[in-house]
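Report on the structure given below.
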Amino acid sequence: MYQCQLCGKNSQPRTPAHRVTLAIRSVVYPHRSKVNGCWKWTGERSKFVRTDDPGGFGLEAEREAIVCPECAKQWQARE
Ligand SMILES: [Zn+2]
């Protein structure tokens with residue numbers, strides 16, 4: 001049992017909970033040089049090298065809510 005974080009109702013027992021994303025934000029990851037260590041084969045021998053992390057950008061969840069199935073259906077229809 002849980003309380004829906006959108007409508008505030010208590011769920012019936014054994015009702016599945018849904019997690020919806022309310023807000024997202026864009027993030028930028030900076031370039032980092034020589035941070036990933038790995039063994040690479042160079043001909044006959046393996047050699048330990050450190051490679052760069054190229055960085056980049058993407059989206060991450062800013063706010064999430066645990067909601068009942070009806071609210072999850074409404075939220076998905078709105079998006
Ligand atoms: Zn609800």
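Values in this text are rule-based calculations from the coordinates and carry no lab data. Remember, it's a predicted structure, so these values are computed and weren't measured experimentally. All Cβ positions, glycine included, derive from the backbone under ideal geometry; neighbour counts span all protein chains shown.
Quick notes
- Dipole check for the chain: with +1 at the C-beta of Lys and Arg, -1 at the C-beta of Asp and Glu, and the Cα centre as origin, the magnitude is about 220 Debye.
- Estimated translational D of the chain in µm²/s (Stokes, Kirkwood radius over Cα pairs; 20 °C; 1.002 mPa s): 129
- Simple rule: put +1 on each Lys or Arg Cβ and -1 on each Asp or Glu Cβ in the stretch 18-78, find the dipole, and look at 49, 36, 72; the Cα lying farthest toward the positive end is 49.
- Reference-scaled alpha-carbon Rg (2.2 N^0.38 Å with N residues) for the stretch 25-67: 1.91
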